[in-house]
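Single-structure report; data block below.
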Amino acid sequence: MICLGANGVFTGKLILQMAGCVGNDMGRCNACNTGLCPAGITTQEPQLVHRLDPEKVAQNIVNYYLAMDQEFKKLLAPIGNSSLPVGRSDALIATDRSVAERLQIQHVC
């Protein structure tokens, strides 16, 4: 999405899942607004709050963004970029050779 020109990419749901959110598209928990979040994210109930470890969640989020940075660098290095090529469709790449050939974009292994 970034290579196609997106200024930002929505990661809120992913971040909540890294915090332990059990809701998903098919069977949502739907307890966020009740204060009874089973993961302890959106609650003030003492017996539920202890389920959330803010330090662990923060470390998971940091690890995710550091890993994404490394993956971007690995994908972009073969095409000569050291930063995100925002809005450059020529920077689109594929890790699958058959997909790259079909779409006529660069293949990166």
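The values are calculated or read from the model by the stated rules, or taken from the named source; none is laboratory data. The shown structure was predicted, so the numbers you read here are calculated from the model rather than taken from an experiment. Glycine also receives a Cβ, built like all others from the backbone with ideal geometry; neighbour counts cover every protein chain displayed.
Of note:
- Subset tally (residues that are outside any helix (DSSP H, G or I), modelled with pLDDT of 85 or more and surrounded by 14 or more Cβ atoms within 10 Å (Cβ to Cβ)) for region 1-35: 4
- So I61, is it closer than 30 Å to I93 by Cα, at pLDDT below 90 and either in a helix (DSSP H, G or I) or within 21 Å of the chain's Cα centre (by Cα) (or both): no
- Neighbours by Cβ (under 6 Å, 6+ apart or cross-chain): first from region 40-51, within 14 Å of Q17 (Cα to Cα); second among the basic types (K, R): G40/R51
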